[in-house]
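Chemist: My questions will all concern the structure given below.
Bear in mind these aren't lab numbers, they're just calculated from the coordinates by the rules spelled out. Note that the structure is a prediction, hence the values are computed from the model and not measured. Backbone-built Cβ (ideal geometry, glycine too); neighbour counts: all protein chains shown.
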Amino acid sequence: APVIVWFRDDLRLADNPALSHAVASGRPVLCLFVHDPQQAFARALGGAVRWWLDGGLRALHADLARVGAGLHVACGDAATLVPRLVAQAGAAEIVWNRRYDPAGRETDTAIKAAVKEAGVAAHSFAAGVLHEPWTVRTRTGDAFRVYTAWWRAARAMGDPLPPLPAPAHVPPAARPAAWAEPCVGIDALGLRPVAPDWAGGLRAAWRPGEEAARERLRDFVVGGLAGYADARDRPDLPATSRLSPDLRFGHVSPRQVWHEAVMAVRGTAGQGAGEKDLEKFLSELGWRDFAVSLLYAQPELVSANFRTEFDAMPWRDDARDLRAWQQGRTGYPIVDAGMRQLWQTGWMHNRVRMIVASFLTKHLLMDWRVGEAWFRDTLVDADIASNVANWQWVAGCGVDAAPYFRVFNPVLQAQKFDPDGAYVRRWVPELARLPTSCVHAPWTCDPAIRGRVAYPAPIVDLQGGRARALAAWKGLSGA
Ligand code: FAD
């Protein structure tokens, strides 16, 4: 009887404890992916994530085929489909790596119970985080609400477990005859956009899969980690790892990233990166775990304000302003550059994510959930925990959030973090020929120069928008 390995957000062979367990059992292995479009986000998967998933599944299938087994792909409601596939395969056991989002946990608990009731073993493993959410707790056993305290406690637990090697051979099981019907294959999932095919920019920017992720990781620890602490806020420099989609889909595990970065600094190779760069990078990786642990402790934060006084916030509902923000036509170059980078490549630099999110929730006084939904649809790294936690953080309504009255000035932010205007010029090409002195605020350019540039006037006055936001916030009880 075979063992089924159910892949989800862990599309890799290395450091995959569920796969390693199955191989070690000595039984033939059936590798399964179930596309359950409603499941992953408890809502529909976004377009960019669907595009990445298509490539990620193809890469995983090829990688598995190389070591003996391929990937079987099915489509449907996992809660009913998985127990049926287990029964049809006559499996002795099903294994998977744990996920921590509310909808995923609920499904997995139900499946485990159903499968066990049918007399089949079911085991799950830790693979997607550095430390599982319930293991990092305050002295009284509660969940942390402050990142620095969480990080100190997580750090005190020592390095996460060393990653497992990829199995050299996965003994395949014959595909069960009854699996023919629901197992539709990757093509039939229809994850790629067809008409219009908007994914050209994504294809140019990314190659999904474990091999590409390992290359990105290696390139980063060799070439990017040195200087990370100082340069990570600069969107004009290639200073961060860009591993977020790989971590989102599990082409690489956070433990692999952790150990590879530690080795690069403390190992023999050296590479020039110092402890300061390493600690900063590890603590950014920690934010990902912290976001997971927040949602684990309070599943309602997916859509509810952590600070409930924000429930009374008089958010504006303005379709024109929203469209200008989404399309990168706000008249603020750094905001527009970020939103266009997002649209074209499915990714945006973290500093710019903060700037555009602040602009939406403060200068435009729009609900963070509207921005979160747009990011969910357009980011290749769209992840329920990180997306929600960061949006609530910027909007001032989240756990350990920046206070609402701290409103980013997009011009000053741009001058500080894109000092030569290279980032803005790259993503807003109509501004490419403006002098650096006014590229972040085109309305201050010499009228003769500005007149030659087709670029929108600002859709909101910075001072006026800020005053409107602060007045709305002051009106909240408890603010
Ligand atoms: P690096 O600087 O190289 O960091 C390494 C890894 O650490 C990242 O790949 C990521 O997994 C993790 N990380 C870094 N910063 C954060 C952070 N603030 N929160 C959580 N994890 C972090 N990240 C997502 O992965 N998915 C999202 O949906 C997402 N939505 C966001 C929404 C907003 C409004 C903001 C402000 C940030 C959001 N982030 C999200 C966090 C962050 O912007 C990205 O993880 C980061 O830009 C990815 O680039 P990188 O891999 O080069 O990061």
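Chemist: Round to the nearest 0.05 the FRET efficiency obtained for ARG84 and GLU215 when R0 = 41 Å and r is the Cβ-Cβ distance. Please report the intermediate quantities before stating the final value.
Modeler: On the way: r = 38 Å, r/R0 = 0.93.
Calculated value: 0.60.
Chemist: Another question, if that's okay. Counting only residues 5 or more places away or on other chains, whose amide H sits under 5 Å from the amide H of HIS35 once H atoms are built in the peptide plane?
Modeler: Under 5 Å from the amide H of HIS35: ALA74, CYS75, GLY76.
Chemist: Still on this structure: Taking just the alpha-carbon atoms of region 183-271, what radius of gyration and Dmax come out, in angstrom?
Modeler: Rg, Dmax (Cα atoms, Å): 16.3, 51.
Chemist: Would you mind getting me the FRET efficiency between ARG406 and ALA180? Use the beta-carbon distance for r and R0 = 51 Å, nearest 0.05.
Modeler: With R0 = 51 Å, the Cβ-Cβ based efficiency is 0.30.
Chemist: Convert 25 °C to kelvin, take the viscosity as 0.890 mPa s, use the Kirkwood radius over C-alpha pairs of region 1-127 as Rh, and evaluate the Stokes-Einstein diffusion coefficient in µm²/s, rounded to a whole number. List each step's numbers first, then the result.
Modeler: On the way: Rh = 14.7 Å.
After rounding, the answer is 167 µm²/s.
Chemist: So how far, in whole Å, is the C-alpha centre of region 75-152 from the one of region 211-225?
Modeler: Distance between centres, Cα-based: 30 Å.
Chemist: List the Cys residues of the chain that have no partner Cys with a C-beta closer than 4.7 Å.
Modeler: CYS31, CYS75, CYS183, CYS397
Chemist: Please report, largest first and rounded to whole Å, the three semi-axes of the ellipsoid equivalent to region 276-363, where each semi-axis is the square root of five times an eigenvalue of the C-alpha gyration tensor.
Modeler: Square roots of five times the eigenvalues give 26, 22, 11 Å.
Chemist: In sequence order, what are the phi-derived ³J(HN,Hα) couplings for region 117-129 according to the Karplus relation 6.51 cos²θ - 1.76 cosθ + 1.60 with θ = phi - 60°, rounded to whole Hz, with x for glycine and proline?
Modeler: Per-residue couplings from phi come out as 4, 7, x, 9, 6, 9, 9, 10, 9, 8, 8, x, 9 Hz.
Chemist: Using the Kirkwood formula over every pair of different C-alpha atoms, what hydrodynamic radius in Å results for region 99-140?
Modeler: 12.1 Å
Chemist: Here's something else I'd like to know. Between beta-carbons, use under 14 Å as the cut-off and find the net charge around ALA91, counting Lys and Arg +1, Asp and Glu -1.
Modeler: Around ALA91, the charge tally is +4.
Chemist: Right, here's the next one. So what is the 222 nm mean residue ellipticity for the chain from helices alone, if each DSSP H run of at least 4 adds -39500 (n - 2.57) and you divide by all residues, rounding to the nearest 500 deg cm²/dmol?
Modeler: Numbers: 20 runs with 213 residues, N = 479.
For the chain, the value works out to -13500 deg cm²/dmol.
Chemist: In region 6-30, whose amide N lies under 19 Å from the spot 7 Å out along Cα-to-Cβ of ALA92? List them in ranges.
Modeler: So the set is 6, 18-30.
Chemist: Relative to the compact-globule scaling 2.2 N^0.38 Å, provide the ratio for the alpha-carbon radius of gyration of region 118-262.
Modeler: 1.39
Chemist: Just from the alpha-carbon atoms, what are the Rg and Dmax of region 152-229 in angstroms?
Modeler: Reported Rg and Dmax, both Å: 20.2, 55.
Chemist: With 10 angstrom as the radius, rank TRP374, TRP51, TRP179 by how many other C-beta atoms surround their C-beta, starting from the fewest. Please list the in-between numbers first.
Modeler: Working: TRP374 19, TRP51 22, TRP179 16.
Ascending Cβ contact count within 10 Å gives the list TRP179, TRP374, TRP51.
Chemist: Give the order of SER20, SER303, SER293 when sorted by the count of other beta carbons within 10 angstrom, beginning with the fewest. Each step should come with its number before you reach the end.
Modeler: Working: SER20 21, SER303 11, SER293 26.
Arranged by neighbour count, lowest to highest, SER20, SER303, SER293 become SER303, SER20, SER293.
Chemist: Would you report the distance distribution of C-alpha pairs in region 308-474 as whole percents per 5 angstrom bin, up to the bin with the largest distance?
Modeler: 1, 9, 19, 22, 20, 15, 8, 4, 1, 0
Chemist: Next up: Considering all projection directions equally, how large on average is the shadow of the alpha-carbon convex hull of region 110-162, in square nanometres?
Modeler: Mean projected area of the Cα convex hull: 5.5 nm².
Chemist: Would you calculate the convex hull of the Cα atoms in the chain and tell me its volume per residue in Å³? Write down the numbers at each step before the final one.
Modeler: Numbers: hull volume 72.9 nm³, N = 479.
Expressed per residue, the convex hull around the Cα atoms of the chain is 152 Å³.
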